[in-house]
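Asker: Structure in structure tokens, see below.
The values are calculated or read from the model by the stated rules, or taken from the named source; none is laboratory data. Keep in mind the model is a prediction, meaning the values are calculated, not measured. FYI the Cβ positions are ideal-geometry reconstructions off the backbone, even for glycines, and counts take in every protein chain you see.
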Amino acid sequence: MIHAMRRIKKFLKFFDRNDRGTVTAEFAIVLPVAVALAVIVLSLTRIVVVQLDCHDAARQAAFEIQTSLQDNSSRDIAEKNAHHVAMKTSNTLTGITVNWTGNSFHIRTSCSVLTRSISRTPLIVHGQARGELYVVDE
């Protein structure tokens, strides 16, 4: 029995050697992975937030066109007002187009996710809204 205990102690001493540096090696592997995951999550969050802002700018522009035309403004003035409202709504707005088809219109906004100082090829997301003008017979 004593002989067996000595063999077990000798066997366990093999695993009890100096393990300095093991934690550093594990940290060196885990830290870059954790940083990469954090960057991915933050980037995706930024893309979603800009997408929502861009869509909201298109919606606000469509609402402005409808209210401007109800106040008997011309289409050009309504489009200028819509452009102004969309720029005010979204800080990242880079462009807005209004396409008319009869009494309906389609607004498409473009918003930059990254500024040009950060990236040479900025990621752009789009927002869309549609509207229709109803003519009330009096």
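Asker: For residues that are over 12 Å from LEU133 (Cα atoms) and touching a residue at least 40 places away in the same chain (Cβ under 8 Å), tally how many sit in segment 54-80.
Answerer: Total meeting the criteria: 7.
Asker: Within segment 72-94, is there a residue that is part of a strand (DSSP E or B) and closer than 24 Å to VAL113 by Cα?
Answerer: yes
Asker: Between residues in segment 81-99 that are within 19 Å of LEU123 (Cβ to Cβ) and residues that are in a loop (DSSP other than H, G, I, E, B), which pairs lie under 8 Å by C-beta distance while being six or more apart or on different chains?
Answerer: Qualifying pairs under 8 Å: THR92/VAL113.
Asker: Scanning segment 19-45 for residues that are surrounded by 10 or more Cβ atoms within 10 Å (Cβ to Cβ) and hydroxyl-bearing (Ser, Thr, Tyr), which turns out modelled with the lowest pLDDT?
Answerer: SER43
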